[in-house]
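S.K.: Sending over a structure as structure tokens; questions will come in a sec.
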Amino acid sequence: MTTTSPVRAMFATILRQMLILLAVLAVGGSAVGYLIAGSSGLWGALLGAGVVAFFMLTTAAVMLATAERPMHIASAAFMGSWVAKVAVIFVALLVLREETFYSPGVFFVVLSLAIIGSVAIEIRGALQARVPYVQPQPPHTRPGSNASSRDET
């Protein structure tokens with residue numbers, strides 16, 4: 001029987017909840033965007049949901065992948081992925097800057113709701129997680145234990 005670590009379980013829960021938020025934003029935002037601004041509102045919502053999916057899912061995937069790693073490795077992976085995502089989004093927004101096929105207002109609203117929702121999900125997930133403050137060490141690695149004396153007896 002394999003048990004998952006509390007940190008991995010927390011990130012998995014956050015990832016599932018973010019997928020639900022993403023689906024709600026994509027479907028609900030597309031419907032409301034289409035009712036408000038026609039097809040440009042639909043495209044604005046879909047582009048916003050795409051940007052949200054790119055950011056949310058890659059962040060959650062990196063954190064889930066590095067959950068068992070030391071803190072400095074997890075932090076480096078998180079920051080590296082963040083810099084790469086910002087660069088990709090910057091280029092995408094430069095390309096979309098002059099386009100008129102989408103509604104920038106709907107795009108902004110979907111992004112804003114996603115930011116608020118994802119922060120709420122992450123805070124709630126972290127507060128409800130049962131992550132121990134201290135990891136117990138195995139007996140053979142504790143200071144003062146002499147593993148070689150046990151092997152001789």
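Residues are listed down the side, and each one gets a yes or a no for (1) assigned to a helix (DSSP H, G or I); (2) more than 24 Å from V24 (Cβ to Cβ); (3) among the hydrophobic types (A, V, I, L, M, F, W, C); (4) within 14 Å of the chain's Cα centre (by Cα):
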position	(1), (2), (3), (4)
F90	yes, yes, yes, no
L94	yes, yes, yes, no
G105	yes, no, no, no
A114	yes, no, yes, yes
G117	yes, no, no, yes
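S.K.: On to the next question. Could you give me the residue pairs with C-beta distances under 6 Å whose first residue belongs to region 42-54 and is of a type in the set (G, A, S), whose second residue is not in a helix (DSSP H, G or I) wherever it lies, and which are 6+ apart or on separate chains?
M.R.: G44/Y102; G44/S103
S.K.: Which one of the conditions (1) modelled with pLDDT of 85 or more; (2) in contact with a helix residue (DSSP H, G or I) (Cβ under 6 Å, 6 or more places away or on another chain); (3) farther than 24 Å from I20 by Cβ; (4) not polar (S, T, N, Q) does F107 fail to meet, given that it meets all the rest?
M.R.: (3)
S.K.: Answer yes or no as to whether G33 is surrounded by fewer than 18 Cβ atoms within 10 Å (Cβ to Cβ), at pLDDT 90 or above and not hydrophobic (A, V, I, L, M, F, W, C).
M.R.: Here the answer is no, as G33 does not meet what is asked.
S.K.: Among the candidates F107, F101, F90, single out the residue that is in contact (Cβ under 8 Å) with a residue 24 or more places away in the chain, farther than 30 Å from Q128 by Cα and exposed (fewer than 14 other Cβ atoms within 10 Å of the Cβ).
M.R.: Result of the check over F107, F101, F90: F101.
S.K.: Identify, from the list R69, R16, the residue that is among the charged types (D, E, K, R), out of contact with any Ser or Thr (no Cβ under 7 Å at 6 or more places or on another chain) and in a helix (DSSP H, G or I).
M.R.: R16
S.K.: Taking A67 as meeting all but one of (1) modelled with pLDDT of 90 or more; (2) closer than 24 Å to T13 by Cβ, write down the number of the exception.
M.R.: For A67, the exception is condition (1).
S.K.: Tell me whether region 24-36 contains one or more residues that are in a helix (DSSP H, G or I) and under 18 Å from E122 (Cα atoms).
M.R.: Within region 24-36, one or more residues are in a helix (DSSP H, G or I) and under 18 Å from E122 (Cα atoms).
The values are calculated or read from the model by the stated rules, or taken from the named source; none is laboratory data. This is a predicted model, so every value here is computed, not measured. All Cβ positions, even for glycine, are placed from backbone atoms using ideal geometry, and neighbour counts span all protein chains on display.
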